[in-house]
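**Student:** Below you will find the structure I want to go over with you.
All of the numbers you see were taken from the coordinates with simple rules; none came from a lab. A quick note: this is a predicted structure, and the numbers were derived from the prediction, not measured. Here the Cβ is made from the backbone with ideal geometry for all residues, glycine too, and neighbour counts use every protein chain on show.
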Amino acid sequence: MTSRIPALVLGCATLLTMAAHAQQDTAPALSEELRRLGEAATALDHSLPGFTCEESVVSREMHGDKVHHSVSLVLTLRAQRAADGSLQETFAITQVNGQPFSTGHFAMPVFVSGGFDKAMRYFAPAQQACYRYSLAPSRIDFTGISDANHAPPCDNAGIAGFAQLDAAGNVTHLERHANAAIAKNQRMAEFAAVDFAKIMLNGREYQLSRHLYSEVPKGRNLTTFTADYNHCKLYTATVTIRPGPDSSPGETPDSLPH
């Protein structure tokens, strides 16, 4: 009996030593991953150029397993930088419930926007102090905290989620939950899941949302919003300068990228 005790203690000590080494090994990896994700979030916030996509939407209100109200849309989405640098999304509806649409009114259970520049907000450098992160193979988890001493103050308690990572450390899938109070205060869906895909815009590669699913409770019912983004490309506007009185005929109009 006594001969087994030192072996047992040695085993515990070995495990503790291994755990300490694992924590030391994980810290640099987590720091590097947060740096990478921070750069990706900053790119979406500041350098992502204007672009356009075709967006296919299904908006539903569910009562249990029963569909209470459902609307499907096809839209042309345009995302452009406003004067303050923020990315503004505008929509032109082309189909409603499979029928061509030009003008008219209809009710939707719920509509969610901001799926592009907001999807990576949980890793933005200015926000990283407001979350606790843990890194595992192919995954990083985050939990929001409250900290009145942080500038600006952190008020993210009640937000938690995870992101799945590819071999290069890029986010391929993200899920996020928010409790009812913070969802209402920050005007966000209580649950959102985003799939990402690599898109080349203006000579640079970005991880953009390609599929979005979100849930927003509505009394005893649940509203859901599903969107698929396809055919995303750089948004350009063409300006034609017509020949003036002193211009020679046959001049080629100028095309200015926006």
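**Student:** Below 8 Å, C-alpha to C-alpha, sequence gap of six or more: please give me the relative contact order for region 18-234 in percent.
**Tutor:** Result for region 18-234 is 22 percent.
**Student:** May I ask you to derive the FRET efficiency for Arg81 and Ser56 from their Cβ-Cβ distance with R0 = 30 Å, giving the value to the nearest 0.05?
**Tutor:** 0.75
**Student:** Can you pull the percent of Cα pairs in region 18-234 with separation above 21 Å?
**Tutor:** Cα-Cα pairs in region 18-234 separated by more than 21 Å: 59 percent.
**Student:** Separate question: I want the local charge near Val58. Using Cβ-Cβ distances under 15 Å, sum +1 for each Lys or Arg and -1 for each Asp or Glu among the other residues.
**Tutor:** Result for the local shell: -4.
**Student:** Right, another one. Counting Lys +1, Arg +1, Asp -1, Glu -1, what net charge surrounds Ile93 among other residues with beta carbon under 15 Å of its beta carbon?
**Tutor:** Here the count lands on -2.
**Student:** On a straight-distance basis, which lysines could pair with Lys66 in a cross-link, Cα separation under 18 angstrom, same-chain partners fewer than 8 positions away excluded?
**Tutor:** Partners found: Lys218.
**Student:** In terms of Cα to Cα distance under 27 Å, which lysines are near enough to Lys233, apart from those fewer than 8 places away along the same chain?
**Tutor:** Lys118, Lys198
**Student:** Here's a follow-up. Could you work out the per residue convex hull volume over the alpha carbons of region 60-163, in cubic angstrom?
**Tutor:** For region 60-163, the hull spanned by Cα atoms encloses 193 Å³ per residue.
**Student:** Now for a separate question. Around Gly169, under 9 Å between beta carbons, what's the net of Lys plus Arg minus Asp minus Glu among the other residues?
**Tutor:** Residues close to Gly169 contribute a combined charge of -2.
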